[in-house]
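Let me begin by presenting the structure, written as structure tokens, before commenting on it.
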Amino acid sequence: MFASASSPSRSRPFRCRPAAPAALAALAAIVVSGCAGRPVAELPELDSWERRQAVLAALDEWGFNGRIAVRSSADGFNGKLRYAQADGDFEATLSGPLGIGTVQLAGGAGDLVYTDKDGVETRFRDPDIELEHRFGWNVPLSSLRYWALGIPEPDRPAVTEFGESGRLASLQQAGWSVAFPRYRDAGGQAMPQRLVAENGDTRVTLVIDRWRIAPPR
């Protein structure tokens, strides 16, 4: 069953395209490897901020298991999150939010598809507006995919601050303030374990329990 939602256009909307078969196979492999506990591939040495941004932004296949909490003036939720990214396409499975069971968001470079616990799919043509209309909160999905890696979204202005360790401590981008209070080892390098993103009344907390990084192709 397929439902469709529509809304007024906005500047710089989140866009995704139908996932190619190869990307779908890669996403499935990442999800399965996460369930099976496959070892994380070794990352190259990230010995400078410029190299860290370049290497992490260019990762082909990666994902993580963790927990997410979203709070806003209108509503919020918290639950488990399994995220997979492959060739520009992503799949995010949330378990337990809002007492509605397991739901999924999937997309890439066109519109976004939301699948509810009953398997009913809704295509969001303007996710920023429609997520807020449906759930009462708005999460910047296109940026969050980079923030989870501990880097700003490329090609958008950002203000960054670094801690004594040289790691990114916080950034401001697209009206959001993002803090990175905790890192953990993944692939031989320090990767974010916890981040907190805030914009007005909206607060997103992401805790990453296990990284999944596939070897470069």
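Below are the figures for this structure:
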{"read-out": "Residue check, V139 modelled with pLDDT of 85 or more and touching a strand residue (DSSP E or B) at 6+ places or on another chain (Cβ under 8 Å)", "value": "no"}
{"read-out": "The stretch 189-217 residues that are within 15 Å of S143 (Cβ to Cβ) and in contact (Cβ under 8 Å) with a residue 60 or more places away in the chain, paired with ones that are polar (S, T, N, Q) and not in a strand (DSSP E or B) (beta carbon under 6 Å, 6 or more apart)", "value": "T202/S72"}
{"read-out": "Any chance R184 is within 17 Å of the chain's Cα centre (by Cα), basic (K, R) and within 20 Å of K80 (Cα to Cα)", "value": "no"}
{"read-out": "Residue match in the stretch 128-142 (condition: farther than 18 Å from V40 by Cβ, surrounded by fewer than 16 Cβ atoms within 10 Å (Cβ to Cβ) and charged (D, E, K, R))", "value": "yes"}
{"read-out": "Residue pairs meeting the criteria (Cβ under 7 Å; at least 6 apart or on separate chains; first over 14 Å from I208 (Cβ atoms), in the stretch 62-80; second outside any strand (DSSP E or B) and of a type in the set (D, E))", "value": "S72/D201; S73/D201"}
{"read-out": "Test: L141 is touching a Phe, Trp or Tyr at 6+ places or on another chain (Cβ under 8 Å), closer than 17 Å to F90 by Cβ and of a type outside the set (F, W, Y)", "value": "yes"}
{"read-out": "Which numbered condition A58 fails, given (1) surrounded by 15 or more Cβ atoms within 10 Å (Cβ to Cβ); (2) among the aliphatic types (A, V, I, L, M); (3) free of Cβ contacts under 8 Å to residues at least 24 places away in the same chain", "value": "(1)"}
{"read-out": "Exclusive hit being part of a strand (DSSP E or B) and at pLDDT below 90, set F77, F90", "value": "F77"}
{"read-out": "Elements of type strands (runs of 3 or more DSSP E) in the stretch 107-201, at least 1 residues being among the β-branched types (V, I, T)", "value": "112-115, 121-124, 158-162, 176-186, 189-199"}
{"read-out": "First in the stretch 121-132 and touching a residue at least 40 places away in the same chain (Cβ under 8 Å), second anywhere and of a type in the set (D, E) and not in a loop (DSSP other than H, G, I, E, B), Cβ under 9 Å, 6 or more apart", "value": "T122/E130; F124/E130"}
{"read-out": "Identity of the residue in the stretch 143-177, among the aliphatic types (A, V, I, L, M) and over 24 Å from E61 (Cβ atoms), that ends up surrounded by the fewest Cβ atoms within 10 Å (Cβ to Cβ)", "value": "V159"}
{"read-out": "Qualifying residues in the stretch 60-95 (those that are in contact with a Phe, Trp or Tyr (Cβ under 9 Å, 6 or more places away or on another chain) and among the acidic types (D, E)) - the one farthest from F135 (Cα to Cα)", "value": "E91"}
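The values are calculated or read from the model by the stated rules, or taken from the named source; none is laboratory data. Since the structure is predicted, the reported quantities are computational estimates derived from the model, not experimental observations. All Cβ positions, glycine included, derive from the backbone under ideal geometry; neighbour counts span all protein chains shown.
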